[in-house]
Amino acid sequence: MDFICSLQLLVVKLTTALASLQPAYFLSLLLQTNEKVNLMILADKIIKLRKQLGWSQEELAEKMSVSRQSVSKWESTNSIPDLNKIIVLAGIFGVSTDYLLKDDIEAEEPVSEDSEPGVNQINLEQALLYVENKVKVSDLIAKGVMFCVCSVIPLFFLMMLNTANKLPISNHAAIAIGIVSIMVMIVFGISYFIKINQYDNELAPIDNQRFELAYGVHGVFTEKLQKFMSTYNQRLMISISLFIFCSVPLIVTSILTRSSELTLLMLIVLLFMIAIGIYILMPASTKHDAYHFLLKEGDLNAGKTRTTILAEKLAAVYWPLIIAIYLGWSLWTMQWGVTWIVWPVGAISFVALVGIVSFFDKENER
């Protein structure tokens, strides 16, 4: 009898203990199950979308700036990407984060349901390709400009050697060979300009049409722009320094000596420095502008004052004209120690011209 009572008491105690543990146990089990389900949904969606785009794990990893092992772990449910990586994945695939994480959203819905009609949705892959193509176009333009700028260098070099009596040909023959070399180098430069056409179709959907960035793309490009700014500032500083100091050797040589050979040599150095400055500046500047263009969704003038916009338009015509006047005057007179005055006068005139244009622009607005 005592044994039966003890047994009944033990059963009551065990039942009570299990009853107290049951809610916590089942809640923990439910959370673990839900987490596994979410992991499986995300993994399946990543595999499905990656294969639809024809990408390998290595290619997706490269676009995500992670290792292939990380992608493999995501797809095998051994790990889960953090929130920022999920946003980037959504941007790359052109889907919403809800589609990646929820099982009940089977169709790949547009990321922005209230997009304006006629506005293209640009996902991360398209935006990255746009920047890459812009840089390639800029590289071609920079090479073409370099050939055009340096086209007169062979002529100056031959003239220098002929002046120093180090060429077994006449002055007229040297000039003729130099002119032919100018034409040849300009042809090479134009060939680079012609190659730009191959990127027109790829750039047109963003350059020539209204667009908006897909969900998550803006954040990714904001981060990319911040990381690129140090490189951009460094290249900008180097190129501006080259442009500023390119005429210094020529001016100093013209002041200290009357040697035509040294003057021609310093002129060659000037053109080389300008060409190098252009090649350093153009791709970096284009990449910087492409980032801004995408982030402002096509409106590069957003946040700029009207005066700034007018100054930029005016500078595109004004400074090439100043350069042409400087080189033309200098080559005609060969008085490089005098013609440098074009630069300070040109700078002051530019500020005055911007002020005058802005004044009349405001008057017209009234």
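The values are calculated or read from the model by the stated rules, or taken from the named source; none is laboratory data. On a predicted model such as this, the values are computed, not experimentally measured, just so you know. Note: ideal-geometry Cβ built from the backbone for every residue, glycine included; neighbour counts use all protein chains shown. Side chains are part of the model used for accessible areas, which takes the heavy atoms of the whole protein and leaves out ligands, DNA and RNA. Shrake-Rupley method; radii C 1.70, N 1.55, O 1.52, S 1.80 Å.
Look at the stretch 215-241: where a residue is in contact (Cβ under 8 Å) with a residue 12 or more places away in the chain and a partner is aromatic (Phe, Trp, Tyr) and open to solvent by less than 90 Å² (accessible area, probe 1.4 Å), sitting 6+ places away or on another chain with Cβ atoms under 7 Å, you get 221/291; 224/291; 225/291; 228/291. In the stretch 164-182, the residue that is nearest to residue 262 (Cα to Cα) out of those that are assigned to a loop (DSSP other than H, G, I, E, B), out of contact with any Leu (no Cβ under 9 Å at 6 or more places or on another chain) and not hydroxyl-bearing (Ser, Thr, Tyr) is 164.
Can we say residue 270 is modelled with pLDDT under 90, closer than 21 Å to residue 152 by Cβ, open to solvent by 30 Å² or more (accessible area, probe 1.4 Å) and part of a helix (DSSP H, G or I)? Before the answer, list the steps.
Numbers: modelled with pLDDT under 90: yes; closer than 21 Å to residue 152 by Cβ: yes; open to solvent by 30 Å² or more (accessible area, probe 1.4 Å): no; part of a helix (DSSP H, G or I): yes.
For residue 270, the condition - modelled with pLDDT under 90, closer than 21 Å to residue 152 by Cβ, open to solvent by 30 Å² or more (accessible area, probe 1.4 Å) and part of a helix (DSSP H, G or I) - is not met.
Counting residues in the stretch 292-314 that are open to solvent by 40 Å² or more (accessible area, probe 1.4 Å), closer than 30 Å to residue 120 by Cβ, part of a helix (DSSP H, G or I) and at pLDDT 75 or above gives one or more. Answer yes or no as to whether residue 41 is of a type in the set (Val, Ile, Thr) and at pLDDT below 80. Yes. Checked against (1) of a type outside the set (Val, Ile, Thr); (2) within 30 Å of residue 161 (Cα to Cα); (3) open to solvent by less than 30 Å² (accessible area, probe 1.4 Å), residue 261 passes all but a single condition, namely (3). Checking each residue in the stretch 209-230 for being open to solvent by 90 Å² or more (accessible area, probe 1.4 Å) and more than 18 Å from the chain's Cα centre (by Cα) picks out 209, 210, 215. Scanning the stretch 356-366 for residues that are open to solvent by 40 Å² or more (accessible area, probe 1.4 Å) and at pLDDT below 75 yields 357, 359, 360, 362, 363, 364, 365, 366. Restrict the check to the stretch 51-74 and report whether at least one residue is under 27 Å from residue 218 (Cβ atoms), among the acidic types (Asp, Glu) and not in a helix (DSSP H, G or I). So far as the stretch 51-74 goes, no, none of its residues is under 27 Å from residue 218 (Cβ atoms), among the acidic types (Asp, Glu) and not in a helix (DSSP H, G or I).
State whether one or more residues within the stretch 57-78 are at positive phi, at pLDDT 80 or above and not aromatic (Phe, Trp, Tyr). For the stretch 57-78, residues at positive phi, at pLDDT 80 or above and not aromatic (Phe, Trp, Tyr): present.
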